[in-house]
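As structure tokens, the structure follows; a few thoughts come after it.
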């Protein structure tokens, strides 16, 4: 369980808080997507999950962030890292080693995992990400999608309770993006870990997340299921967040009185709903 109460944070060099009045409860095993316009504070919010604030960035920290009963102010960054695994946006800057196997071993050895557990943990994580065949590859030779999977696998090998990813598909094509999310969702479901993803592609998030959080000017604008949040497509557009066209179309049909069904998250759902509309059925 993650519980955030009245969180406000202002960087030392800032004039106003970057995030303010944040209150969230995230149960174990939930897949959470966070998005918002550039500069909205969404990345700073992720720093609260993994302890980067207040431990790495100086500033004014108010409120509390508690993860599995550990207050991030009182816990050391090392202790938090054993609970929360993080994958940053710039994958190359996160890589320590030149070979995939060495990258996997780095965290396992430095976190003091018993020697007899290292090999099984590494192989399990590589298998979960579908990259066992890359074990002996040079990292510089990998594609962006493969590097992303290696970074995630290196964290999963440590068996965190929470996985935080900041813009994991920023440099990936649509096929690679979907592949990464497919693997994340499968692993999260099978191992009951909490996944928190900051992502600009709201259409991608809505297909995988259990919950969407929209950040605006450092606060929470919307928080709910993907269908609930996408129901505010006009409001999201004002904030610079482009919903899937299929979602906007069905929301417009609802306002016109032609459709009364649930919000459509993707093309497949919109096609099914349109078929009902064309048949004259009030879905």
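Side notes on the structure shown:
- Degrees between helix 115-128 axis and first principal axis of the chain (Cα, 0 to 90, nearest 10): 20 degrees
- Degrees, to the nearest 10: 267-278 long Cα axis against longest axis of the chain: 10 degrees
- Kirkwood analysis of the Cα pair distances in region 137-203 returns a hydrodynamic radius of 12.5 Å.
- Cα-based helix-to-principal-axis angle, 100-110 vs the chain, degrees rounded to 10: 70 degrees
- Given their separation in residues at 0.36 nm each and the Cα-Cα distance between them, residue 123 and residue 94 gain 8.4 nm when the chain is fully extended.
- Cβ-based exposure ranking for 208, 47, 11, in which fewest neighbours within 10 Å come first: 11, 208, 47
- More than 12 angstrom apart: percent of Cα pairs within region 244-283: 47 percent
- Modelled FRET efficiency - R0 51 Å, residue 192 with residue 255, Cβ distances, 0.05 increments: 0.80
- Using a simple spin-label model with pseudo-atoms 7 Å out from Cα toward Cβ, residue 64 and residue 170 lie 3.3 nm apart.
- Stokes-Einstein diffusion coefficient of the chain, Kirkwood radius over Cα pairs, 4 °C, 1.567 mPa s, in µm²/s: 65 µm²/s
- Rounded to the nearest 500, the 222 nm mean residue ellipticity of the chain from helices alone is -12000 deg cm²/dmol, with -39,500 (n - 2.57) taken per DSSP H run of at least 4 residues.
Bear in mind these aren't lab numbers, they're just calculated from the coordinates by the rules spelled out. Because the structure is predicted, anything quoted here is derived from the model rather than measured. Neighbour counts are summed over all protein chains in view; Cβ atoms, including those assigned to glycine, are modelled from backbone coordinates with ideal geometry.
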